[in-house]
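Worksheet: one structure, shown below.
Nothing in this text is a laboratory measurement; each read-out follows from the coordinates by a stated rule. Please read these numbers as outputs of a predicted model, since none were measured by experiment. Neighbour counts are summed over all protein chains in view; Cβ atoms, including those assigned to glycine, are modelled from backbone coordinates with ideal geometry.
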Amino acid sequence: MKKSFVFTLLVLFALVLSPVAAQEDTLTVLCTPQEDWCVAMTQAFQEQTGIQTSYVRLSSGEALARVRAGASNPEFSVWWGGPADAFIAANEEGLLEPYESPNAEQIRPEYRSEDNSWTGIYVGALGFCSNVELLDELGLEPPTSWQDLLDPALAGNVAIAHPATSGTAFTAFWTQVTLQADMLEYPEGMPEETPEAGADRVIGTGEGYNEDGTPTQAAIDNAFAYFAELNNNVLQYTRSGAAPGRMAGGGEVAVAVVFSHDCVRLQMEGFEGVVTTTFPEEGTGYEIGGMAILANAPEPEAARMWYDWALTAEAQAIGQTVLSLQLPTNPEAPIPELAVNLDEVNLVDYNFQAAGENRQAIVERFDAEIAPEPAE
Amino acid sequence: MRRIVQDPVLATALILVVLFIFLAIILPLIYTIRESASAEGLALFQRYLTESVYQRIILNTLAMGVMVATLGTLLGFIFAYVQVKVKAPFKRLLHFIALVPIISPPFALASALILLFGRNGMILRGIFGTRCFWGEGRSCNDIYGLDGLTIVLSLSLFTVAYLNLKGMMQALDPALEEAATDMGANKWHIFRTVTVPMLIPGIAGSFLLLFVEAIADLGNPLILGGDYEVLATRIYVSIIGLYDTKAAAVLSVILLLPSLTVYLVQRYWISRTSVISITGKPAGTPQQITHPFVRWSLVAIVLAVCFLIVLIYGTIFVGAFVRVIGVNNDFTLQNFDFVINGIGSEAMTDTTTLSAFATPIAGLLGMLIAFLVIRKTFPGRAALDFATMLGIAVPGTIFGIGYILAFNNPIELTLPGIGNITLLPKLTGGRAFLGGALAIVVVYIVRSVPAALRSGTALLSQIDPAIEDASISLGADNAYTFRKITLPLIRPAFLSGLIYAFARSMTTISAIVFLTTPQTKIMTAQILNEVENGRFGNAFAYCVILIGIVLVAIAILYLTVGSSSGAERTLEGGA
């Protein structure tokens, strides 16, 4: 656009139309993680392949909305990053093009979809990012459970993103759905033996989970009740999922609900000693950062090249160079020194498929019922 | 009518102007209203207008608009009054500081205000040791919500009122006030019965602009709103988070109603109170207020506001050069490195080029329409003015939605035997014409023309048409008269229109936030990303560069457009 502006002017005034044919020497990436990771990835890919790579950074929910809006004539070829729920929702609507990458075999099966519609590129767990000094003044300890966030002493001192725009916030919401389902299903407490992923679930009261293992409407309603209560403590719903962490770092709020790697990142960016990361004991949600090729992609070949490349250990090592401390899904990729060890965190049994299928209904309801309500 | 047709230059200009206004303003609005008038949309209207949650959001929006319009216009008036009529120290410096907020990149002021007066703000907490202005816990009154929004928006917007009112005050013929003095009226009486009534078009115009700007503002409520929800943020989430064009269109129409109402009231009001004061006859210098109490309290207000502006922009400037301002104040150039050597360079060139393209078009178009509307008679004259003003009376987000709805597909004409002819290519969304740049330039123009038109008409309606009639009767044609007489006469308005257009284009977010494409990166959208991701350092570095670009542009405009020409000298130098 900027190169031949005089030409542009001429074209503009004449309103002559010559649609530029899609060429395979360019690639347009829809990028959901933090901006500098997008920059590093696209630059590295461009250097390796010579393909002119541009990107737009949008939060997960925004990205899904944009893909949906442009379905008939997509502007992007590949969508890289953000919780898998959004990819599953997109796949339900036929917005993704399945691709069986030769490199996908290296990725553990639970980190990719069965129908090859998306593949996981990183994993990260949700946590609480707290301003130590501020909590001290309020006479509170860093929260260690979701109930702690409802403490009236935290009024106006909690920040979280809006689930409609942010995958982080949606992950937090679905985590709550899962926890509420567990409580309904096992009022006596969780069964001792947690079955391995994929194995049959221990059947409880049947009130928390439907027969197919998806959380019941009652569980979803309870999660809404939780967020309605939390709303009284929330200062601001931000657009992007990592933003609340900064508000905690800056001392505007005491506690932020963010992905734990974003809190660690803050510590590296100048907030060392200011913020601390904690996890809810009853269990926290996690994201599998997804990647997919979009249906009717304008640059399908370049998109497949990106897809293969992004699954390599080499590409997955780029994140930590720009302080994106998510855990890579490729077992060969180096684990960032400062990454949160997921084995030490109590993770809920997060049903990504059900989360993706319920996504739209939940965010619409959240946007209508919770977000517009002023805090009491 | 006969004269328009007889002059082909004028007729062509008129047709082009009308066509542009129709395509760029009316058509997107029609699409938005059509979208909201669907069965589903009507059901949403019912819901939004009856549910208490949405009623409160509507009231919030209106309250914010009224507060900002009142405070901002008042500030603008005081600043203008001090400049023109009060003996005050450092006038030029105060004028310069008052101009600074027209270059307020979205989010910059709000971010700086949070850093200064937020709950952990360097001043509120650092100096006064408190997190709330008053109250604590649930009743904590902090910077978030209506009060903070009013302060930030009034500070960002009062310059428009200031420039409008200053131009008009300077143009007022002092002879009127002298006459009143000679007849024994005191200064207060003159102020009430002479000065203010003559400025009413300017005051009303400023109030309209500020009200609409405020209720349309997106950036500030996004980060400073707290739980104070307004319509613009609801519209934003509807599109960006849900891509629910129906809900967005319905909310847009609801937002449109107060904007248009205020606009209509203001039009009706102005038409009754128009005053002609420039006659082309010699005029004196304005009398200065010397009453010590009046003088010093006005100067004190101006100084306090200027101090706040300096503080805020100082924070932005310093914040651009340190790691995390207030937390880790080590000097660094990393932020600039990120912006200049990273993705920022593309955003810088793209935004500047598009703005530079839109500015002269917007300025000239504004003056041309002002000239046509005030001086010429043709059917639909009022409608043309009305439609052009919609460019600002209609909130930016609504244009964003309207453009998506109207221009996401090419507009084609099927001719039998020839095939399809593309009248208008796809302007927005994926693989849009020129990477979406055309749509963005058009939006820039649409959003800037009304300010130029309004200051043009405000000034032109005070200039006696006899001056132009003299030119015509001496044998000059319309185009020559416009170029040689009208344009120089309204040059202050033209200049402020140009400055406004460029600064506005460089800093606009609400109208283009739905229109950016992978090929066209816009600085304000990048700033939003940085602010949202908590990297105030990068965001401030963007802001400093953006402010630098606009300052250079203003300097260029002053040097080229601002120099005195014959006609104006005759008017001013007559005294």
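Here r is the Cβ-Cβ distance between B:Tyr558 and B:Val310 and R0 is 25 Å; the resulting FRET efficiency, rounded to 0.05, is 0.70.
Could you pull out the longest piece of chain B with no exposed loop GluC sites (Glu not before Pro) in it, calling a site exposed if DSSP puts it outside H, G, I, E, B and it has at most 16 other Cβ atoms within 10 Å? Within chain B, the longest run free of exposed GluC sites (Glu not before Pro) spans B:137-575. Of the residues A:Gln360, A:Trp79, A:Phe227, the one whose Cα sits farthest towards the positive end of the charge dipole of chain A is A:Trp79 (charges of +1 on Lys and Arg Cβ, -1 on Asp and Glu Cβ, taken about the Cα centre).
Return one number: the angle in degrees, 0 to 90 and rounded to the nearest 10, between the long axis of the Cα atoms of helix A:35-49 and the longest principal axis of the Cα atoms of chain A. Around 40 degrees separate the two axes.
Using C-alpha pairs below 8 Å separated by at least 6 residues, the relative contact order for chain B is 22 percent. In this model, which of B:Lys85/B:Lys484; B:Lys91/B:Lys484; B:Lys166/B:Lys187; B:Lys376/B:Lys484; B:Lys85/B:Lys187 are farther than 23 Å apart at the alpha-carbon? Beyond 23 Å between Cα atoms: B:Lys85/B:Lys484; B:Lys91/B:Lys484. Loop-resident trypsin sites (Lys or Arg not before Pro) (DSSP state other than H, G, I, E or B) in the range A:192-294 with no more than 15 further Cβ atoms inside 10 Å of their Cβ: A:Arg201. Taking 7 Å steps out from each Cα toward its Cβ at B:Ser297 and A:Glu100 produces label points 8.3 nm apart.
Calculate the FRET efficiency for A:Met190 and A:Leu342 from the Cβ-Cβ distance with a Förster distance of 25 Å, rounded to the nearest 0.05. Plugging the Cβ-Cβ distance into 1/(1 + (r/R0)^6) gives 0.85. With a cut-off of 12 Å between beta carbons, the residues surrounding A:Glu62 carry a summed charge of +3, where Lys and Arg count +1 and Asp and Glu -1. Cβ-Cβ distance of B:Ala466 and B:Thr181, R₀ of 25 Å, FRET efficiency by 1/(1 + (r/R0)^6): the value works out to about 0.40.
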